[in-house]
Each structure stands twice: as structure tokens, then as C-alpha cells.
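J.: One structure, as C-alpha cells, below. Some questions next.
The values are calculated or read from the model by the stated rules, or taken from the named source; none is laboratory data. For clarity, every value in this text was computed on a predicted model and none was experimentally measured. A quick note on method: Cβ atoms are made from the backbone with ideal geometry, for glycine too, and the neighbour counts reach across all protein chains shown. Note: accessible area is taken over every heavy atom of the protein model, side chains too, but ligands, DNA and RNA are not part of it. Shrake-Rupley method; radii C 1.70, N 1.55, O 1.52, S 1.80 Å.
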Amino acid sequence: MVALWNNLPHLVQIWLLGLGKGSLILVWCLANFAFAMVLERKVSAWMQNRVGPWRSGLHGWLQAIPDLLKLFVKEYIEPRNVDRPLFILAPLVGFLSAVLIWLIVPIGPGGTAMNLDIGIIFIAAITGYDVIAIFMAGWGSNNKYSLLGAMRGAAQMISYEVTLVMSIIGVVMMVGSLRLSDIVEAQVNRGFFGWFLLPQIIGFGVFIIASLAELNRAPFDLSEAESELVSGYHTEYSGFRWAVFALTEYIHLVGWSSIAATLFLGGWSGPNLPQVLQGLGNILNGLGAFTNVAGDAVSNAAVSIGFMNTGMWAWAVGFIWFALKTYLFVFLAMWIRWTLPRVRIDQLMDLGWKFLLPVSLFNIFLTGVLRFVAVNYNGLPVSLGSFTLRLLGLWAN
Amino acid sequence: MTNMIGEAWRAGKSFVTGLNITFKEMVFRPAITVFYPDELDTVPAWFRGIPLLKTDLLTGEYNCTSCGLCVEACPVNVITLEWHQDPITKKKVADRYAIDMSRCMLCNYCIEACPFDALVMGMDYELCKVDPENMVYEMEYLLRLGLKYSSVAQPGPKAKKGALPPWVFHELTGATEEDIQDEAGFLGRAPQAKGYTPVLKAQYRKEETVVDQPPAPAPAKVEAKVAVAPAATPGMVPPDQPPANPGGTESGNKDGEEAE
Ligand code: SF4
Ligand code: SF4
């Protein structure tokens, strides 16, 4: 098998790899859509004391399948005066920009489709296409609600994109690299709980708010505000074209959540089973102070399953951690959506330009100063007798 | 600057409060969903469903005297009433009493207008028909559904002064056709002449006190029966219908009597 692969011409190898990775990413995106969409409906139902989808399979958790099948067979309704090329292309452009995020997200140790060194900037550039998709949909529909929604969406996404990139810069300053896998590695190297969540707490807050706005999710879903603009830029879409917009929304959501998890929660890093057992054994042994049978037994168990630290096992554990952290953010977005009312467009712009942007700039300044001090003076050692406290150690490596 | 920080603090605080509320709702409050076709919800006593005709269980007559007040009261004119006078009993007999449920707006006016407590707002809500052309509910159907709310009619005026009018909290007695106590009583029996003494079925007979102490009505079922009664057969129920199986529903009635 390997010999056969090596004998193939280079071009064929590249194409086959690309096809394989692309299909994997598409399948992964669709699976995430199916899960996130039902999760959204379930979470909203739980918060409103309902049960949500219930009838189709496993208490409603397979609802996405009948939904998509239904949308497949539905009629494509097209208003008479639409700008046809724009109208048809818009959902595809949006879908593409959502799927492309997954190209560079590390979903496990070394598990990226393309380990681009521009990393974050690539994502910011790709999501720029979403603005174009929304505006294409709004303009092409030739409908005032669509156009209003698209205008709002464009204004909102462009202004929040600035803030978003500014909030990421803090993390980039901590690592010194734009590559997402490097960012995860840096968090692993910082040791136990070395996530950028704490040193970059301001950037984290700004990132969460700005990415909600970037995703057009409530409380910032002004471009599809159903109480004002029928459903905004996708008012005129039906059938599977509409479904592609829905796909885009959820794939985007999961994609941004995965980036948030990668930047601030350490991505795929996390203890696996042997490490957990080892830690448990250490605690049972009183950190070596009073070694006893139970602690030793647990430690030995940890050693005996030590093979889980390497190879496929490590990959699987990393993937599980990654999925958990991603869905933590997905849940957070849903939680916020079903809690807060929609903001007004001027409030949105105020928040973006007058509050979040200054705050994220301040965060860059603060990170620079703290990191300069922490790195140059090795975390400001303060000696209290024999005990040395490293002030600002959080910002050092 | 301080204003901005203060506002951000306030916003963050109310944000966390909101999140806290939704989280509590999500985790600690169970769902209130009723899985409708699998389990049926009970409706409150003041539920305004379809207007139904009541029957006097003692004699088997319908309470309606064909006075026509409900027809007058109905704002959308959906009640059809045709009657003639019985030459022997000198009482009005309803030939046709029908409600066009496709236009009835369940406003309760007919019930409020009725001076003889002959109408009741039913608690049934599964009233869909396969054939929407004919939503006119005829007298037999209304009487049959109305049996569940029927009891032995109390003599005298409908409402005592100060008492709750009967249409506010109508009670579900759960009576069936077997609970009609007169031997000749059947569904859709016209009012009898004044002074008519019912001849009770065997299971309702009490040797000493037949006339002056009417037996208690069938005890109300604990659970609200919401299933629709079997579909109305065309035409009235024949008067010679055999009495119910002795030992079924009437055992409960006897218990109720002895407890009195
Ligand atoms: S409930 Fe109202 S609309 Fe319906 S029959 Fe009675 S009076 Fe007419
Ligand atoms: S239902 Fe009542 S109001 Fe209507 S005709 Fe009969 S007795 Fe009169």
C-alpha cells in the first residue's frame, strides 16, 4: 500500500490527498451541523422548559436528517427580478468561507489539513468572504428586506472584523507565531493550566463578543432580525439554497468556537487517562509524603496503560478534548443567544467602535508591557525568605 | 472614562444575571411539554369547547325546551332549531337542533342564554372531522357527547341567587348511556308530560324510596374522560335498547347510594 502510494506521481498524490482531506472536512462539517443544529433547538427548548425535537430518532437528536431531506425536495422559489448569478452563487460563497476555516484548525496533535504559517490571518481573510456572500444574497434578491439585512450585516461584520483581529493579536504576542498549531504547542509548553484564557482575559472577552457579532448570532443577529426584516438577507431563499445558509451558519459557529478553543483554551491539549491516573495516585500518596497501597495501585494502573500516551491514543484523546472545548463555546453562544434580546444597530456600532476596539487596543498595549517586563526580568522574582514568587509569571513563557 | 468602566461593569453584571436565570431554567426546571397524541392533557373546568346538549339522567329527557333563546343569543347564527308541539303532552319537541361548528366561535353566549341548563361547553377537544364539508353537528351527536356532563336535573330555577351560574364551572360527571335511569329513557327523548314518574331500571330501583328520593347521580370519574364518545350513529338510539350489563357501572352507583 505504501509502496503503491510512493510510486504515484507527485501531482496525483497531491490531488488524492486534497480530495481525501476535502471530503473529510466536508463530512466533519456536515456532522457538526447536524449536531449543532439539534443542540441549538434542544438548548433553547430546555431554557424555555420544553423538550425540543423529540420524534425523529433518539429523542429527536437525529432531527437534522429529516430536515435536510425535506429541504432537498422543496421547491426553489425565485422572484422574478432577481440578479440570477448573484442569487445562486451567494449561498455557495458563504458555505465555502465557513468550510475553509476547518482547513487550518488543529483538531488533534498534528491534525491540521494545512498547517499554514499565516494561520489566524488566513481565517480573518476567509471570513471576509462571508460579508460578500451576505451582500450578494441581499443585493441579488432584489428585495428591500434582504437589502436592509445585507447592509446591516456588511456594516456589522466589517466593523467587528477589525476588533476581532485586534483581540487575537494579544495571543499572537504571547506566542510569537500566527500558526495555530504553534499556539497550541505554546499553551502545552506553559505547563499545567497554561491556557491563554487567564493572561488574555480581556482579549478573550472581546473575542467572544466580536465573534458573536461576526457570526451574526443573537444578540447581534441584526442582519436577519426576524421581527424587523422578515428574515434579512435570506428572505427570498427557499429549499436547499436556504438550507445552505443554515449549514453556513452552524458550520461557522462551530468553526469559530474551535478557533476560540484553540486560542484561549489550549485546543487539543489536555490530560489523557494515564496522566489523570498518575495525578490521582500522587494525590492519594499525599504527594509522596505517605505512600499507601491505594495510591500505589492507581499509579501502577497509570503506568500499565502508559501506551495511551502515544500514537493513535494520544490523537484520540486530543481530539476528544478539542471537541469538548469547541462545544463548550458552541454552548456558550447558544446560551447567550437564548438569554439576551437583540441590540439596536446604533448600539451595536457603539459597542464595536467605541468600546471593544479601544479595549482590544489597550489589551495589546497591556500585553506588550507585561510581557516585556515578565520576559526581561524573568517574571519579576520577589524573594520572601527562601520562597521566591515570580510576579507576572503568567505572562512569561 | 469612569463612565465607560461603570457602564461595562453594569452591563457585565446584568449579562451574568441573565445567563444565570436561563441556566437555572435549563437545569432545574423540568419540561412542561405534554406529548399530545400519546398523552392527553386535562383541560380546566371553565374550558370553552363545543356547545353540547344535556340530558336529564333520571327521565332520559333532554333538558332543552326548544325555547329558542340560544338561537337568538348566538352572534353568528349557527344554531338551527326546528320544533313542533306534541298534541298530547303539550310540550315542544325539538325536531332538529344543529350547530354549524365550522362557524361557531365558542363564545359561550348560547350557554349563558339558556334558562334551562340544557347546554354545556364541552371539554372535548379532539373534534376534527375527516370530511370538512359537513361540520354541522346534529342533535344526536350533541346529546351523546353531552351525556358526560349530564346529571339528574334538580327541580326549580337554574341558578340560585348569589350562586355560581352552572356554566362557569361545569362538572364532568362521566355519565354514559347506561346511566340513564328511566326504563324508557333513551338518548334524545322528548320532554314528557307534567307529573311524569320515571320507571327506573332494575339496577336503580330502591323498594321504599323510589319516588321521593331520586338516586344519586353517577359519581364523577376521578380522571377527566377526554376521549370522544363513539361516533354518532344516524338516527336516535332505539328505545328498546337492552339495559346495561348488571355489575358494571351501576355497582359504583349503588355504593354511592349506600354511602349517602
Ligand atoms: S358558542 Fe357562541 S357561536 Fe357557538 S353556538 Fe353558542 S352562541 Fe353560537
Ligand atoms: S338549548 Fe336552552 S336556550 Fe336553546 S332552545 Fe333549548 S332550552 Fe332554549
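J.: Roughly what angle does helix A:144-175 make with the longest principal axis of chain A, taking Cα atoms, 0 to 90 degrees, to the nearest 10?
T.: So the helix axis and the longest Cα principal axis differ by about 20 degrees.
J.: To two decimal places, what compactness ratio does the range B:47-153 give when its Cα radius of gyration is scaled by 2.2 N^0.38 Å?
T.: The value comes to 1.03.
J.: What percent do you get for the relative contact order of the range A:128-218 when only Cα pairs under 8 Å and 6+ apart count?
T.: In percent, rounded to a whole number, it is 30.
J.: At 7 Å along Cα-to-Cβ for each site, give me the label-to-label distance between A:I132 and B:V199 in nm.
T.: 9.5 nm
J.: Among A:I201, A:I77, A:I183, determine the one that fluctuates most according to a GNM of chain A built with springs between C-alpha atoms less than 10 Å apart.
T.: A:I77
J.: Give me the inter-chain shielding for B:15-23: mean count of other chain Cβ atoms within 10 Å, whole number please.
T.: Average neighbour count from other chains, rounded to a whole number: 4.
J.: If I take R0 = 35 Å and measure r between the Cβ atoms of A:S238 and A:L58 in this structure, what FRET efficiency does the formula 1/(1 + (r/R0)^6) give, to the nearest 0.05?
T.: It comes out at approximately 0.75.
J.: Go through the range A:345-357 residue by residue and turn each phi into a ³J(HN,Hα) via Karplus (6.51, -1.76, 1.60, θ = phi - 60°); whole Hz please, and just put x for glycine and proline.
T.: Karplus-based 3J(HN,Hα) across the range A:345-357 equals 5, 6, 5, 4, 5, 4, 4, x, 7, 8, 10, 5, 5 Hz.
J.: Dipole of the protein assembly as shown (Lys/Arg Cβ +1, Asp/Glu Cβ -1, origin at the Cα centre): which of A:A98, B:M4, A:F240 lies farthest to the positive side?
T.: B:M4
J.: Counting each DSSP H run of 4 or more residues in chain A as -39500 (n - 2.57), what helix-only mean residue ellipticity at 222 nm follows after dividing by all residues, to the nearest 500 deg cm²/dmol?
T.: Details: 14 runs with 252 residues, N = 397.
After summing the helix terms and dividing by residue count, I get -21500 deg cm²/dmol.
J.: Want the number for A:F365 to A:A125: 0.36 nm per residue separation, take away the alpha-carbon distance, what's left?
T.: On the way: separation 240, 0.36 × 240 = 86.40 nm, distance 2.40 nm.
Length difference between fully extended and current span is 84.0 nm.
J.: Let me ask you something else. Suppose every Lys and Arg Cβ carries +1 and every Asp and Glu Cβ carries -1, with no other charges. What dipole size does the protein assembly as shown come out with about its Cα centre, to the nearest 20 debye?
T.: 2420 debye
J.: If I compute solvent accessible area with a 1.4 Å probe over the protein chains, what percent of it on the protein assembly as shown is carbon and sulfur?
T.: In the protein assembly as shown, the share of accessible area belonging to carbon and sulfur is 66 percent.
J.: Further, regarding this structure: Could you do me a favour and compute the accessible area per residue for the range B:47-153, 1.4 Å probe, result in Å²?
T.: The answer is 44 Å² per residue.
J.: Which residues does a label at A:R50 reach in the range B:4-27, if reach means a backbone N under 19 Å from a point 7 Å past the Cα toward the Cβ?
T.: B:22-27
J.: Classify the range A:111-168 as rounded, prolate or oblate, taking a ≥ b ≥ c as the square roots of the eigenvalues of its Cα gyration tensor: rounded when a/c is under 1.5, otherwise prolate if a/b is larger than b/c and oblate if not.
T.: oblate
J.: Tell me, what is the FRET efficiency for B:V27 and A:L26 to the nearest 0.05, using R0 = 45 angstrom and their Cβ-Cβ distance as r?
T.: The pair B:V27/A:L26 has a calculated efficiency of 0.80.
J.: Order A:L164, A:L96 by their accessible area, 1.4 angstrom probe, all chains in place, largest first.
T.: So the residues, ranked largest to smallest area, are A:L96, A:L164.
J.: Let me ask you something else. Please give me the summed charge of the neighbours of B:I32: other residues whose Cβ is under 13 Å from its Cβ, Lys and Arg +1, Asp and Glu -1. Working shown, then result.
T.: Working: positive: A:R50, B:R29; negative: B:E25, B:E39, B:D41.
Its environment carries a net charge of -1.
J.: Take every Cα pair under 8 Å in the range B:47-153 that's 6+ residues apart, average their separations, divide by the length, and report that relative contact order as a whole percent.
T.: With pairs under 8 Å counted, the relative contact order is 42 percent.
J.: Any idea which of A:G194, B:F116, A:G153 is furthest toward the positive side of the dipole for the protein assembly as shown, if Lys and Arg beta-carbons carry +1 and Asp and Glu beta-carbons -1?
T.: The Cα lying farthest towards the positive end belongs to A:G194.
J.: What total accessible surface area, summed over both chains, is buried at the interface between chains A and B, computed with a 1.4 Å probe and given in Å² to the nearest 100?
T.: When A and B are taken together, about 1500 Å² of accessible area is lost.
J.: To continue, here is another question. Show log10 I(q)/I(0) for chain A at q = 0.14, 0.15 Å⁻¹, two decimals, from a solvent-free Debye sum over equal Cα scatterers.
T.: -1.31, -1.42
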